[in-house]
Amino acid sequence: MRTIQVSEMMDEQKFNRFHLQILLCCIFIIICDGYDMFMLGTILPSLMAEWRISAVEAGLFSSYALFGMMIGALVFGPLADKFGRKKVILICTVIFSVFTFTSGFADDPTTFGIQRFLAGLGLGGVMPNLIAIITEYAPKKLRSTLVAIMFSGHALGGVVASMGAMYLIPNFGWRAVVWLGALPLIFMPILYKLLPESINYFMTKNKISKLVNVLNQVNVGGQFT
């Protein structure tokens, strides 16, 4: 029986279709994360006008989301070690997508602020786990590069938010900008199918058959049984 050092095998792999698949899934999620964060700035003038709130009160919406992100990162990071990074990433994506969408139905600042906080839980929980899963699967020579490429999606999400708001707000109002945040929910079945679970989770939970299946996808030049 051949003994396999999984971490060393991952480090030595060449970038292949499997790595690209993970990278694209993570980039998509981080773009949505960035959109969710930056779109608030595009709709603040509309919120101030509709609800007749001051700039200070409007600025609190960002604080609510940031506070939620802090708690989300602290809570969902450890939970990923117990329940698996894939599960936590998808759950966090659902959380920030759902509460961003529902915040578009808010009729007052308090309701909107609460939902921004709840969305922040998902935003904060998803980011460290995306970094972890990219780091875990990436070849050693490309690890920093792939993490940097993934993070560039966050800024791209901000660009999408700004450009989208330029069209949506004049034609449909600020709520349309917020409702667009539900887009990840449509792609959830694809993300569930393509995004792999953490290798460390399989090893910790002794899920050998699933670990072997992932190793066979990573190592295109050989087969494990």
Subject >> Cα long-axis angle, helix 109-137 against the chain (0 to 90 degrees, to the nearest 10) >> reply: 20 degrees
**OP:** For a quick protection proxy, order the peptides 47-58, 201-212, 151-162, 123-134 by their average other-Cβ count within 10 Å, most packed first.
**Re:** 123-134, 151-162, 201-212, 47-58
**OP:** Kindly write out, for segment 95-104 in residue order, the coupling ³J(HN,Hα) from the Karplus curve 6.51 cos²θ - 1.76 cosθ + 1.60 (θ = phi - 60°), rounded to whole Hz, with x marking Gly and Pro.
**Re:** 4, 6, 6, 5, 6, 5, 4, 5, 5, x
Original post:
So what J values fall out for segment 63-78 if you push phi through Karplus, 6.51 cos²θ - 1.76 cosθ + 1.60 with θ = phi - 60°, rounded to Hz, Gly and Pro as x?
Top reply: 5, 4, 5, 5, 5, x, 5, 4, 5, x, 5, 6, 8, 7, x, x
Original post:
Which value, in debye to the nearest 20, gives the size of the charge dipole of segment 64-219 about its Cα centre, when Lys and Arg are +1 and Asp and Glu are -1 at the Cβ?
Top reply: 660 debye
Subject >> For segment 200-216, Karplus couplings with θ = phi - 60° (6.51, -1.76, 1.60), whole Hz, Gly/Pro x >> reply: 4, 5, 4, 5, 5, 8, 6, 8, 5, 4, 6, 4, 4, 4, 5, 4, 5
Original post:
Using a Förster distance of 45 Å, how high is the FRET efficiency between LEU60 and LYS14, based on the Cβ-Cβ distance and rounded to 0.05?
Top reply: 0.40
**OP:** Go through 177-184, 137-144 and give me the packing order, highest mean Cβ count within 10 Å leading.
**Re:** 177-184, 137-144
Subject >> Sites PHE67 and LYS205 - FRET efficiency at Förster radius 30 Å, r taken between beta-carbons, to 0.05 >> reply: 0.40
Original post:
Restricting to lysine pairs 8 or more places apart or on different chains, what number in the chain have Cα atoms under 16 Å apart?
Top reply: 13
Original post:
Given a Förster radius of 41 Å and the C-beta distance between VAL6 and VAL159 as r, what FRET efficiency does 1/(1 + (r/R0)^6) yield to the nearest 0.05?
Top reply: 0.60
Original post:
Plugging the Kirkwood radius over Cα pairs into Stokes-Einstein for the chain, at a temperature of 37 °C and a viscosity of 0.692 mPa s, what D comes out in µm²/s?
Top reply: 177 µm²/s
Subject >> Rounded to the nearest 10 Å², the accessible area of MET166 at probe 1.4 Å >> reply: 150 Å²
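The values are calculated or read from the model by the stated rules, or taken from the named source; none is laboratory data. Note that this is a predicted model, so its numbers are computed, not measured. Ideal geometry is used to build each Cβ from the backbone, glycine not excepted, and the neighbour counts take in all protein chains shown. Only protein heavy atoms, including side chains, enter the accessible area calculation; ligands, DNA and RNA are left aside. Shrake-Rupley method; radii C 1.70, N 1.55, O 1.52, S 1.80 Å.
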